[in-house]
Amino acid sequence: MTTQSNTGITTKNVQFYYSKHHALHDVSLDFPSNKVTALIGPSGCGKSTFLRCLNRMNDLIPGTRVEGSILLDGQDIYASSLDVVELRRRVGMVFQRPNPFPKTIFENVAYGLRVNGLANQTEIGDRVEAALKRAAIWQEVKDRLDASALGLSGGQQQRLCIARALAVEPEVLLMDEPASALDPIATQKIEESIHELKSHLTIIIVTHNMQQAARVSDYTAFFYMGTLVEHGETDTLFTRPAKKQTEDYITGRFG
Ligand SMILES: Nc1ncnc2c1ncn2[C@@H]1O[C@H](COP(=O)(O)OP(=O)(O)OP(=O)(O)O)[C@@H](O)[C@H]1O
Ligand SMILES: [Mg+2]
């Protein structure tokens with residue numbers, strides 16, 4: 001059903017301000033389509049801020065300002081003509097803490113489809129099932145679709161949130177430490193689903209876990225104090241970092 005997205009993101013000279021606080025300095029970074037890029041760096045270096053620039057989630061925080069350009073498949077996402085709701089459909093997001101709605105499992109995933117105007121029950125049902133399968137949680141929930149999502153375990157809730165994000169068929173998926181609240185088995189399931197998903201999607205994942213970055217990503221970008229220090233193929237960045245700061249961070253000397 002779903003085809004490859006082939007949608008990448010290009011950022012150029014991105015500056016970001018929380019009022020007077022200059023949180024991102026001149027970040028230029030490309031996210032190639034159908035690849036996983038990991039964003040790593042010490043707490044407070046700007047990873048979440050940068051991620052939220054990519055689907056304009058920072059717009060919701062008063063007093064913020066972004067400069068530079070961010071292109072989604074060549075299109076400026078900060079252009080005045082751009083429909084932000086449609087942008088967020090194309091660039092979905094999964095947060096650190098699972099945040100299912102207090103609704104049934106089915107309705108959590110169907111929600112975005114209904115918001116996007118889909119009314120055909122059969123089609124909604126098919127798409128909910130497909131999204132749950134792609135998020136590797138279908139087997140665990142298929143007999144309890146009408147039960148509350150709040151009754152699921154943390155790891156199941158997070159995969160449900162991934163299914164909810166996938167249901168509207170985004171081209172890019174942003175994940176901000178999606179496994180940090182989960183146990184190792186739940187984490188492994190999320191990582192497996194990331195691996196499956198990248199054949200359809202461009203994925204950008206923030207993680208504090210170096211092993212996780214090394215396992216799931218094709219490219220890694222290392223941030224420090226609001227600047228992009230180094231970016232490259234994950235294997236190279238972890239085995240032969242070009243910068244001393246990167247080496248210090250990945251070997252655990254700081255952060
Ligand atoms: N809503 C906000 N208002 C003001 N400053 C903020 C806000 N959110 C983040 N900041 C500041 O911007 C900087 C970058 O924060 P950000 O949350 O992007 O870091 P991070 O790399 O995601 O950190 P962590 O790994 O702890 O999640 C920090 O100095 C932070 O205090
Ligand atoms: Mg963060």
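Data overview
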{"read-out": "DSSP-defined antiparallel bridges as percent of all bridges, the chain, nearest 5", "value": "60 percent"}
{"read-out": "Value of D in µm² per second that Stokes-Einstein yields for region 118-191, Kirkwood Rh from Cα pairs, at 10 °C (1.306 mPa s)", "value": "123 µm²/s"}
{"read-out": "Diffusion coefficient, µm² s⁻¹, Stokes-Einstein with Kirkwood Rh over alpha-carbon pairs of region 123-255 at 37 °C and 0.692 mPa s", "value": "202 µm²/s"}
{"read-out": "Percent of alpha-carbon pairs separated by more than 26 Å within region 64-200", "value": "25 percent"}
{"read-out": "Binned Cα-Cα distances of the chain, short to long, each 5 Å bin given as a whole percent", "value": "1, 6, 13, 17, 19, 16, 13, 8, 4, 1, 0, 0"}
{"read-out": "Rule-of-thumb Rg ratio for region 196-255 [Cα; 2.2 N^0.38 Å; N residues]", "value": "1.13"}
{"read-out": "Members of Lys142/Lys198; Lys20/Lys47; Lys189/Lys243; Lys35/Lys142 lying beyond 21 Å, as alpha-carbon distances in this model show", "value": "Lys142/Lys198; Lys189/Lys243; Lys35/Lys142"}
{"read-out": "Within the accessible area of the chain (1.4 Å probe), percent carbon and sulfur", "value": "49 percent"}
{"read-out": "Nearest-10 value in Å² for the accessible area of Glu107, using the 1.4 Å probe", "value": "60 Å²"}
{"read-out": "Charge context of Tyr111, other residues only, Cβ under 9 angstrom, K/R +1, D/E -1", "value": "+2"}
{"read-out": "Surface accessible to a 1.4 Å probe, per residue, for the residues of region 54-120, Å²", "value": "53 Å²"}
{"read-out": "Hz values of 3J(HN,Hα) by residue in region 173-190 - Karplus curve (6.51, -1.76, 1.60), Gly and Pro given as x", "value": "10, 9, 10, 9, 6, x, 10, 5, 9, 10, 7, x, 6, 4, 4, 4, 5, 5"}
{"read-out": "Sequence-distant residues sharing a close amide H with Glu230 (under 5 Å, placed H)", "value": "Phe222"}
{"read-out": "Heavy-atom surface of region 160-252, accessible at 1.4 Å and reported per residue (Å²)", "value": "41 Å²"}
{"read-out": "Net charge of Cβ neighbours under 11 Å - reference Leu201; Lys, Arg +1; Asp, Glu -1", "value": "+1"}
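The values are calculated or read from the model by the stated rules, or taken from the named source; none is laboratory data. Keep in mind that what you see is a predicted model, and the values were worked out from it rather than measured. Every residue, glycine as well, gets a Cβ built from its backbone with ideal geometry; the counts of neighbours run over all protein chains shown. We work out accessible area using only protein heavy atoms, side chains counted, and drop any ligands, DNA or RNA first. Shrake-Rupley method; radii C 1.70, N 1.55, O 1.52, S 1.80 Å.
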